[in-house]
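Following: one structure in structure tokens, then a few remarks.
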């Protein structure tokens, strides 16, 4: 049974003893933790939750207003959909509904519930019915083995959603293993809490060395940065050993359009800005002359695209910032501004991903000189292409940078940029005669 193993399962049923409890016990036996609600509005979460992956939903909830005739189904599904809206945030991500009810997928009630979910902008990526009547024996009692076997068979119908569940479960298992190993560094004793606190503090000091921080939360974040780096190895090992392709499912080759590719690049390689200057931060620069000059360098043999913008990318090493090793200039009344390393880049957009714009970008990628193409990304509703130029490596005072970046390069792309920038500075050149 491949359900979420990190309490991302919700059971909604107003009859706990007769209907909900047998299902919860089956889930517990299969090591699947869950949250239970009877559908009463006053008992639902104060705000919708994020990260729910499966909802076992009974449609006949006692909190629904009483109605007769043709309006009964409408009232019932409206209430059930309202409960889902109170449970699940629009930012939740993909989830599946398993109708734990007397209604089947051929029933109009389920179709109307899904329709209301779509209208509320929180549609499930998959759904099926786990009919209560299908899970009872001839005596009318729930059969635990029948519930488990029926659920296992029907879970195969959720398609590619199984891939995300497999990855999230591997992530959870990796974090559990890492925490068990890391926490064991401190023997379990009366001083465990104090010694663990000292251990985390040592990580923080290792990260910043002599750069003492007064913000206690920032100290903990710095310690977590070192833990994250070690955890990544554990996660990759978990990916190699714990993830298997769901039975009966296979990855299929298909076309991915240019817009989706740009959005994928954005998800993989760009991050949201933070309220401080960190490596990979990308800032808009309003310097008309520099923009024109760099545009000519980036596109020496062809006409530059329309709407080229100028940006700077902060490439100061992370350790220099964390350990306060950047050179500082004094200004004003005993004020200091750190000096950062930056490289300039041009960005240009294409609403349609036209062949002409893409060809210019591909031409830049083929060249082995100072250009470093990135993208396409999906920014402000357009495909955006970003090309840095290492000949523009510069120093800048932190106080001259905008207060906030527009976005940030994630670690892999940033490291590649920093490495190639360093190689460009140290290149010997090749002066062979032709």
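Each reported figure results from applying straightforward, stated rules to the coordinates on display, with no laboratory input. Bear in mind the structure is a predicted one, so any value in this text is a computation, not a measurement. Heads up, the Cβs are rebuilt from the backbone with ideal geometry, glycines too, and the neighbour counts pull from every protein chain shown.
Just so you know, the Rg over Rh for the stretch 208-338 is 1.09, from Cα atoms, with Rh as the Kirkwood radius. Cβ-Cβ distance of residue 289 and residue 326, R₀ of 25 Å, FRET efficiency by 1/(1 + (r/R0)^6): the value works out to about 0.35. Among beta bridges from DSSP that stay inside the stretch 43-170, the antiparallel ones total about 10%.
How would you rank 207, 16, going from fewest to most other Cβ atoms within 10 Å of each one's own Cβ? Show your work: numbers first, answer last.
Numbers: 207 20, 16 12.
With the fewest neighbours first, 207, 16 line up as 16, 207.
Between the stretch 189-259 and the stretch 5-24, what is the C-alpha centre distance in whole Å? So the separation of the two Cα centres works out to 32 Å.
Taking the highest mean first, how do the peptides 165-173, 79-87, 292-300 order by number of other beta carbon atoms within 10 angstrom per residue?
Answer by packing, highest mean first, reads 79-87, 165-173, 292-300.
Spacing of the modelled spin labels on residue 397 and residue 240, each 7 Å from Cα toward Cβ, amounts to 5.0 nm. The order of 201, 424, 103, going from fewest to most other C-beta atoms within 10 Å of their C-beta, is 201, 424, 103.
In the chain, what % of DSSP beta bridges are antiparallel (nearest 5)? Antiparallel bridges make up about 70 percent of those DSSP assigns within the chain.
Spacing of the modelled spin labels on residue 47 and residue 318, each 7 Å from Cα toward Cβ, amounts to 2.9 nm. Over the chain, DSSP H runs of length four or greater, each weighted -39,500 (n - 2.57), average out per residue to a 222 nm ellipticity of -13000 deg cm²/dmol.
I need the calculated FRET efficiency for the pair residue 18 and residue 214, taking r as the beta carbon distance and R₀ as 41 Å, to the nearest 0.05. That gives a FRET efficiency of 0.10. Each principal axis of the Cα cloud of the stretch 9-158 was taken in turn, and the coordinate range along them, longest first, works out to 37, 37, 29 Å.
Using R0 = 25 Å, the C-beta based FRET efficiency linking residue 139 and residue 31 works out to 0.30. Taking label positions 7 Å along the Cα-Cβ direction at both residue 171 and residue 118, the computed distance is 2.8 nm, reported to one decimal.
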